[in-house]
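K.L.:
Please see the structure below; I have some questions.
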Amino acid sequence: MLNLSAPPLPDDRSKILPPLMPLHEVLRMRVRLKQNDILFPGQPFTETDLACLADDPVLKLLPEYQFSPYSMEPTSLAFLKHVFETYKPTTVVELGSGISTPMLSHHLRMLNPDVDVRYVTIDQNQDFADQTRGMLEQVGTADMTEMIVVDTKPMEIHGKETACYDIDSQQVADALHGRKADLFIIDGPVGGGPTGYRGARFATVPLLRPIAAHEALFFLDDALRDTELEIAAAWSELDYLHIFGIKAVGKGTLVGCYLDAEDTRDAA
Ligand SMILES: C[S@@+](CC[C@H](N)C(=O)[O-])C[C@H]1O[C@@H](n2cnc3c(N)ncnc32)[C@H](O)[C@@H]1O
């Protein structure tokens, strides 16, 4: 029989440990979630999936790239590559450029050699955007990838005061060649650290709605961070979205979808 109300470790030993999820809370969550290994980040990865990272052609072309705390984590990138293979998007919009941009644009191209695929990425910082552009040129996807650099600005959306990209939807529509996006990757604006604006990603999904295809999927990185959990809770109250849940990879990847396309909204 498990003793779930065990006393905490003596102070002297608990001080040397980082903050941990209490075991009894994890065990309770496991019982409530009722799905095998749902908390295990390895699922459903096999050795072949993980080898796809070691063998990733983009990482081979960019041997000097160093992952930083700002980079999307390798397991999240592997998860998104897997999603590209199963969901088969052709028009992708990313917020927050970096290593994800060459890796995922390259994967999009590899999976669709005969299709006119588009990858649009939006960044708030010219220097980081330039670094990303350099990587796109090195891996050969600069032609299919459009980079948009915009500042963030204060705004009110769904009654909340926030700040987010100053997106010009016509500019994004032009970058998409008039098509709607079928998949969004949200890894910006910066929402943590000294330069981040807490809650900055709340406005992203509402702002992108006019360019979303019917039932377009969106993926939010850093989803296990407090700010993003608060954003997810607020999103879950919007009637035009559905939040499926959070994949236990990297810093957590939230998966959701738009429930309606803009052209079906007016008729409804
Ligand atoms: C979470 S990062 C995006 C990371 C990107 N998706 C990747 O996989 O590398 C969000 C934004 O942080 C900024 N950024 C990237 N690296 C940074 C760094 N080392 N320090 C500060 N800001 C950074 C960029 O403007 C970027 O758009």
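K.L.:
Just the residues that are more than 11 Å from Leu95 (Cβ to Cβ) and crowded, with 19+ Cβ neighbours inside 10 Å, please, taken from the stretch 183-198.
P.N.:
Leu183
K.L.:
Select from the stretch 68-84 the residues that are within 12 Å of the ligand (Cβ to nearest atom) and either surrounded by fewer than 18 Cβ atoms within 10 Å (Cβ to Cβ) or in a helix (DSSP H, G or I) (or both) and list them in ascending order.
P.N.:
Answer for the stretch 68-84, where residues must be within 12 Å of the ligand (Cβ to nearest atom) and either surrounded by fewer than 18 Cβ atoms within 10 Å (Cβ to Cβ) or in a helix (DSSP H, G or I) (or both): Ser68, Pro69, Tyr70, Ser71, Pro74, Ser76, Leu77, Leu80.
K.L.:
Can you report the number of residues in the stretch 95-128 which are over 22 Å from Tyr165 (Cα atoms) and assigned to a helix (DSSP H, G or I)?
P.N.:
Of the residues in the stretch 95-128, 7 are over 22 Å from Tyr165 (Cα atoms) and assigned to a helix (DSSP H, G or I).
K.L.:
Confirm whether Asp174 is more than 22 Å from Glu237 (Cα to Cα), modelled with pLDDT under 95 and of a type in the set (D, E, K, R).
P.N.:
yes
K.L.:
Out of all the residues in the stretch 100-128, which are under 18 Å from Gln66 (Cβ atoms) and free of Cβ contacts under 8 Å to residues at least 40 places away in the same chain?
P.N.:
Asn125, Asp127, Phe128 - these are the residues of the stretch 100-128 that are under 18 Å from Gln66 (Cβ atoms) and free of Cβ contacts under 8 Å to residues at least 40 places away in the same chain.
K.L.:
Test Asp260 against the criterion of being over 16 Å from the mean Cα position of the chain (by Cα) and either closer than 26 Å to Thr86 by Cα or at pLDDT 95 or above (or both), and give yes or no.
P.N.:
yes
The values are calculated or read from the model by the stated rules, or taken from the named source; none is laboratory data. Because the structure is predicted, anything quoted here is derived from the model rather than measured. FYI the Cβ positions are ideal-geometry reconstructions off the backbone, even for glycines, and counts take in every protein chain you see.
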